[in-house]
Amino acid sequence: MSNITFTMIKPDAVQDGHIGAILNQITEAGFKIKAMKLTQLTVDDAKKFYEIHAERPFYMELVEFMSSGPIVAAILEKDNAVEDFRKLIGATNPAEAAEGTIRQKFARSIGENAVHGSDSDENAKIEADFHFAGREVF
Ligand code: GTP
Ligand code: MG
């Protein structure tokens, strides 16, 4: 699974009409879509997904935002997927994200930052399994 990462197009970017542009940038950068769906997280789903941040001051804000509207969830494949995808999306805070990165172009703020990208091969697998059944992955 080391060539796999997991992403979500977050509620801000879905609402702002950026699904097409973001998917285009992802595939142009050489990522292959292995699984994808439009879905919405419940509050409990978002709490579980971001459990690692439970002690952070912004946790409930993050959970409320991530469950506030539809998202696109996807599994992506490419050599060095986790690291290359995080480079493509840019820094967490769009004000600090490099020119041309997805967050620099499409994010609203540090909290509403357009996309998620897994931070390790191990978490990519956990996150992919959280969102997709085996028959949904190609
Ligand atoms: P993800 O790809 O979404 O995991 O982002 P990241 O790895 O760049 O950042 P991190 O895992 O540290 O934080 C997870 C998410 O919490 C971020 O993407 C933001 O949506 C949110 N977040 C992080 N820092 C802040 C903050 O200071 N304020 C608020 N409101 N949200 C934050
Ligand atoms: Mg993270």
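Somewhere in the stretch 57-72, is a residue in contact (Cβ under 8 Å) with a residue 60 or more places away in the chain and touching a Lys or Arg at 6+ places or on another chain (Cβ under 8 Å)?
Yes, the stretch 57-72 contains a residue that is in contact (Cβ under 8 Å) with a residue 60 or more places away in the chain and touching a Lys or Arg at 6+ places or on another chain (Cβ under 8 Å).
Would you please list the contacts, defined by Cβ atoms under 8 Å and residues six or more apart or on different chains, that run from a residue in the stretch 101-118 that is modelled with pLDDT of 95 or more to a residue that is within 13 Å of ligand 2 (Cβ to nearest atom) and open to solvent by 60 Å² or more (accessible area, probe 1.4 Å)?
R103/T92; I110/T92; G111/F58; N113/T92; G117/R86
Check E96, E122, E83 and return the single one that is without any contact (Cβ under 8 Å) to a residue 12 or more places away in the chain, more than 12 Å from ligand 1 (Cβ to nearest atom) and within 20 Å of Q25 (Cβ to Cβ).
Matching residue, one of E96, E122, E83: E83.
Which ones in the stretch 125-135 are open to solvent by less than 60 Å² (accessible area, probe 1.4 Å) and more than 11 Å from ligand 1 (Cβ to nearest atom)?
A128, H131, F132, A133
Is there a residue in the stretch 54-63 that is away from ligand 1 (no atom under 11 Å from the Cβ) and more than 22 Å from D16 (Cα to Cα)?
Looking for residues that are away from ligand 1 (no atom under 11 Å from the Cβ) and more than 22 Å from D16 (Cα to Cα), one finds at least one in the stretch 54-63, hence yes.
The values are calculated or read from the model by the stated rules, or taken from the named source; none is laboratory data. The shown structure was predicted, so the numbers you read here are calculated from the model rather than taken from an experiment. Cβ coordinates were reconstructed from backbone atoms using ideal geometry, including for glycine residues, and neighbour counts include every protein chain displayed. In case anyone asks, the SASA skips ligands and DNA or RNA and just uses the protein heavy atoms, side chains included. Shrake-Rupley method; radii C 1.70, N 1.55, O 1.52, S 1.80 Å.
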